[in-house]
Structures are given as C-alpha cells and as structure tokens.
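Bear in mind these aren't lab numbers, they're just calculated from the coordinates by the rules spelled out. Everything numeric in this text was worked out from a predicted model, so none of it was measured. Virtual Cβ from ideal backbone geometry, glycine too; neighbours counted across all protein chains shown.
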Ligand SMILES: Cc1cc2nc3c(=O)[nH]c(=O)nc-3n(C[C@H](O)[C@H](O)[C@H](O)COP(=O)(O)OP(=O)(O)OC[C@H]3O[C@@H](n4cnc5c(N)ncnc54)[C@H](O)[C@@H]3O)c2cc1C
Ligand code: FES
C-alpha cells in the first residue's frame, strides 16, 4: 500500500521501555522506528495512569506517568526516532539468518518496514477496545457495531447510538450528530467524565431536541444478518425500553491483548515472550523482547527493569547492525563522541 | 481476622479470612478467587475487580469515591451495590461480609 521503509531497528511499542531503548540504541548510532497502536507515546503510563505519581524511578523521588513519558521523549529526541502511531504490527517475516538477520514487518494498514533487528517492547500487549458482554454482539461487529470510528461517512443518515461517558464517547457523539439521522448517547449515570465543554455542548443539543440522552445500560440487541435494528436499554429502575438504531458505538475503555505477537513463532512462557538475560533475545536471533512483555527467571514487571533490559539488548543489536565494528564501552559523562551524538558537546 | 465470603457467578462460595489493612481485591487474588482479574494491580485504573457488595453491608462499606465511580463506567452490569474491590479496605467491621462476583470482567 504505502512505500517500503528501511531502517536499522523497529521497536514495537512506544511505552516507557521502548522509548528508553531509542536512547540506548541511539548512543550506539542505531536508528529506530517505533510503531504503536495508540495515538501517542507512553504505553500504560500515558494510557492508564497519566496523573498518578510513580515513586520508584531511580533519581525521581516522584514523577507522574505522563511526566515520565515527556522526559523520556525529550531524552530520546537527539536521535530523531520516527513514530508510527495508530498502527498495529501484524506480521514479521524473517528474511535473513542468524548471522545476518533481516526482517520485514507489516502493519494493519499495509505499511512494511525492513530492518536488521526487531525490539518487541509491547508491554501487556496492544491496547484494544473492551467489548461489552451483550449477548450476540459478535454477529453485528464490523457491520453495525463499531469500537472505533474510522470513516465518519459510514454513519451518515443512520440512527446512531454511542455508549459511554468519557471523552471518546462525547467527542464522537458531537462529531457524528450533524451527519446522523438521529443520535442517542447512552450512559449508565447522568454524570460524565468527559471535558465539561463537550458535556455542555451535548446537553445543549439534547435541550434543543437535536439528539437524545438515555441513562441506563444496554442489555440486548435486535436485528438480522448483521444489521442492527434496535437495542434494549435497562434503566436505573431496572425497567427495559427499546431504542431503534442502525449503528452502535460502545466506548468501554481499553484492555491489553497479546494480539498478533502470539503468531510470530517465538517461544512463549505463559503468554509472555521468553528471553535470555544476557541479551534479552528471543528464540529467533535478531528479535529481542524487553519490558513487561518478556519473561525470564526472576523477572519483575517494573519500568526500571525494562530500562536495564534495553541497554543490554542494544549491545547485541550493535553487532547485527555493524558486524564489522568493535564496540567500546563509554560513559555519557566523559565521552566526547557520545556527547556529540547528544548534541551537548 | 474478619471473614469474607466470595460467591462466584455460578453460585460457588469460598470463605476467606482477610487481613485487616489489605484490600478485598488483594484478599481475593491472594486466595485465587476466580472472576476477579485486577489487571492494574489495585490502582483504580482498570475496573476488572468489579464486585457486588451484600446490600446489608452497603452502609458499612460505603459508596465509591468520584474516581472509582468514573472507573465503574468501564464495568458491565453496574448495580447500586457495585464496587471496585481494590478500593475496599478490610476492617474488623467487615467480618461476615458477602461479595458476589460478576461472570465477566471484560
Ligand atoms: C496503574 C499502574 C501503576 C503502575 N505503577 C508502576 C510503578 O509505580 N512503578 C513501575 O516501575 N511500574 C509501574 N507500573 C507498571 C509499568 O507501567 C509497566 O511496567 C510499564 O508500562 C511497561 O512498559 P513497556 O514499555 O514494557 O510496556 P507498555 O507501557 O505496556 O507499552 C507497550 C506498548 O506497546 C503497544 N503494542 C503492543 N503490541 C503492539 C503491536 N502488535 N503493534 C503496535 N503496538 C503494540 C501497546 O499499545 C503499548 O502502547 C504500573 C502499571 C499500572 C497499570
Ligand atoms: S484492580 Fe484495577 S481497578 Fe481495581
């Protein structure tokens, strides 16, 4: 689909561990591309707890999830990594062999990247939308039930029901309301987490009769052949009412799923990628796994462990990227050559 | 130690002695109680530790705080006695509490 890209290393996952790996690889003159299904960097820190303080990052008595991500981005900036957001790595094709590895990665939008080493920093797996356990919902997925809005046009002149009370639910309610034949927002309580200005805009539309707000939880679906015709709504008083609709967009947050990684032929231990503790390399030479996604005796799922793993993996990756060069150990405090790379000397 | 009974969605019950000061979620995980996932480890960031609290104990256990109420939006089949078990601290007053778990945490 899009042009083929070539680089030294592709890092799958732009969580804290993937971001720090850019720095460690950068010091060794290794260029990186990062791919993440989320629309931004930071993995769990940015998606699950941006405002919560972390107390066990060495040298930072306290830093918030987002604060740490911002600093990691700043730290890796001198190495100009390329980010591919909103894309999931689906497949890895092995082109080379153990002595000269070469890989071709393909994302869900058909982009391909060729590289000499792959670093899987996929954490708990890719973030994917949670699906509400409404009986029979699978039959409508992709036709009438959508967990994300890819093309707004698909909702034109349809009766749309959006479920949820956060920013995604409110933003899409407001964006799709002008196109939809009728818009109904369903939420379990009359209180919203979303930004106040969007909540107010929604309430204005409801007050002027341009859309509906229904308080309750969806318990059933009605339709045929993948085409939805109505949803059942259980109100706070447990009474059930029916809302006619052709499209349902539930927003129940994200959950982490291992996803395609399970199909890459790597040795797994309890759904985690098995690695050695010298190089953090997987059962396929040239593919490394660092951070929450890997497993080895004594593993601790801490950000600090992931940083260490990235530093050691980088040493081995250097051999794959520059087989003819010898690596000399240097400190950032005293090496002018490292400082030049960092833009401080 | 206060004793807590966990009843799963199939009706099987388990009586567990809970440690004062820990949370109901931690108690459940430590004793491998099914149907509580606790993906985020108790940070009130995942809603996969959703439980129903015995109505009789609701006045003692209390209502969720604002942050927990927000997280409950991500749980399914939320009822007036829904709570996130990682946000319930075990106290001596909880002796005899019954907790019911939903069949799915999402
Ligand atoms: C509430 C909470 C509190 C925590 N507190 C602490 C703490 O105090 N101290 C501490 O050290 N740790 C803490 N942790 C754990 C810490 O957040 C993790 O150890 C850390 O985020 C792991 O980083 P990572 O980069 O390995 O993975 P993640 O942060 O999980 O990032 C992985 C990224 O990879 C992406 N991805 C996965 N598969 C694919 C694919 N196939 N294609 C594209 N993208 C993909 C995901 O979307 C995700 O963005 C906490 C975790 C939680 C949930
Ligand atoms: S364990 Fe995640 S919200 Fe309770």
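Spin-label model, residue A:269 to residue A:304: label points 7 Å out along the Cα-to-beta-carbon direction sit 2.2 nm apart.
Go ahead and set up a Gaussian network model of chain B, Cα springs under 10 Å, then flag whichever of B:41, B:21, B:96 fluctuates most. Residue with maximal mean-square fluctuation among B:41, B:21, B:96: B:21. Annotation: extensible slack from residue A:324 through residue A:198 equals 39.6 nm (criterion: 0.36 nm per residue apart, minus Cα-Cα distance).
Normalised by the number of residues in chain A, the average gap of Cα pairs under 8 Å and 6 or more apart makes the relative contact order 19 percent.
Antiparallel beta bridges, as assigned by DSSP with both residues in the stretch A:1-142, represent about 45 percent of the total such bridges. By DSSP, the beta bridges lying fully in the stretch A:122-273 are antiparallel in about 55 percent of cases.
Here the contact order of the stretch B:3-100, divided by its residue count and restricted to Cα pairs under 8 Å and six or more residues apart, works out to 41 percent.
With a Förster radius of 45 Å applied to the C-beta separation of residue B:10 and residue A:6, the computed FRET efficiency comes to 0.25. Computed from label points 7 Å out along Cα-Cβ, the spacing between residue A:167 and residue B:65 is 2.2 nm.
Across every pair of non-identical alpha carbons in the stretch A:112-168, the mean reciprocal distance, once inverted, gives a Kirkwood radius of 15.1 Å.
Each Cα pair under 8 Å and six or more residues apart adds its separation to the average, and for the stretch A:131-252 the resulting relative contact order is 34 percent.
Against chain A, whose longest principal axis comes from its Cα atoms, helix A:196-207 is set at around 20 degrees.
Each peptide in A:100-107, A:41-48 receives the mean, over its residues, of other Cβ atoms within 10 Å, and ordering these scores from highest gives A:41-48, A:100-107. Answer rounded, prolate or oblate for the stretch A:159-240, using the Cα gyration tensor with square roots of eigenvalues a ≥ b ≥ c: rounded when a/c is under 1.5, else prolate when a/b is larger than b/c, else oblate. The shape class here is oblate. Between residue A:236 and residue A:52, the distance separating the two model label sites (each 7 Å from Cα on the Cα→Cβ line) works out to 2.9 nm.
Roughly what percent of Cα-Cα pairs across the protein assembly as shown reach past 40 Å? Taking all Cα-Cα pairs of the protein assembly as shown, the fraction more than 40 Å apart is 29 percent.
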